[in-house]
1. Look through 100, 92 and report the one residue that is in contact with a helix residue (DSSP H, G or I) (Cβ under 8 Å, 6 or more places away or on another chain) and either in the same structural domain as residue 335 (by TED's automatic domain parsing) or in contact (Cβ under 8 Å) with a residue 40 or more places away in the chain (or both).
2. Against the condition at pLDDT 95 or above and on the phi < 0 side of the Ramachandran plot, how does residue 152 come out, does it pass?
3. What about residue 132, is it crowded, with 21+ Cβ neighbours inside 10 Å, more than 25 Å from residue 252 (Cβ to Cβ) and modelled with pLDDT of 95 or more?
4. Those residues that are loosely packed, with under 13 Cβ neighbours inside 10 Å and assigned to a helix (DSSP H, G or I), I need them from the range 348-366; list them, please.
5. List the strands (runs of 3 or more DSSP E) that sit entirely inside the range 191-270 and contain at least 1 residues that are not assigned by TED's automatic domain parsing to the domain that holds residue 152.
6. Out of all the residues in the range 313-347, which are outside any strand (DSSP E or B), under 23 Å from residue 295 (Cβ atoms) and free of Cβ contacts under 8 Å to residues at least 60 places away in the same chain?
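The values are calculated or read from the model by the stated rules, or taken from the named source; none is laboratory data. The model shown is predicted, which means the values in this text are computed figures rather than measured ones. Cβ placement follows ideal geometry from the backbone for every residue including glycine, while neighbour counts extend to all protein chains displayed.
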């Protein structure tokens, strides 16, 4: 049955009603897809996917779901995993061929690692904190008293969480006599390994760990830091919101991933810009957004996003992001790059000879006078 407040694909004197069948809830969440702005044109790939549509792998002490190029083909350089660990839940000891960057969404976790020089690492992280484990560095994650949820980002769009190098998987596929020789013990000492050769622990239940000081291992070859307390980073504040940027200059462990945490007030807009060094991968945590993307050759498309959605902007495509909700919009913009780089359309025009800009666009004096030379990122308050 048609709802009385169903959105319809009508814009002025074009379009028409949609009597169905249809998914009303998806149409409400994506008004600029159902009824695109008149400026949208041509064909662009899909630049949106939601973790809510991803397969969820339920485990004894939590769950995990991933979005890779399989789900979002336009995102070629980065892939993401959304994971939950219950109190005491353990993401087993493992390593990857890709770097693992993470952002804590809820609760607290204890993370550990040991690098190739025998330097170890142990830290407790909470909401808003980051970590980064370079490719090949073994590590683990465990939920503390309240459990935790986090976003993992890997610097390869074709990454698969199923291809992780797991401790129990290796032990299960190594003869016990080889294990005994490797560790200098008896074969019988490995009698209680998981019996099923195809079974790994992946996410399993453990006890909530003791205090951080109690858990420290002292006989290592030094310490190395893989975490960053994001909230301690200084924000760039503007009239319509703020941006906090972390890349290799402020977080050396993250040598392949740069990130900006963007907050836009209701009615505000992250100005028109593009990134000259990498494609953009987005994760929305709060609010409702509209993003317009320009792809050259007369091609442009508009997308809508809300909490839990992923977005992507192909390399060098122009774009803007608006807050179309009544509450603050927050999202992460992530790049496979050691440095955060961007070019502001506003700044470009402001720093170009005005007669050249005027000749191109035939702008009036009011517009020419409003061009801003301040360095991006600029989030503008558009309410007035």
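1. Answer to the selection: 92.
2. yes
3. When the stated conditions are applied, residue 132 does not pass them.
4. 355, 356, 359, 360, 361, 365, 366, listed by residue number.
5. In the range 191-270, 236-238, 241-246, 258-264 are the strands (runs of 3 or more DSSP E) which contain 1 or more residues that are not assigned by TED's automatic domain parsing to the domain that holds residue 152.
6. Selection gives 315, 316, 317, 324, 347.
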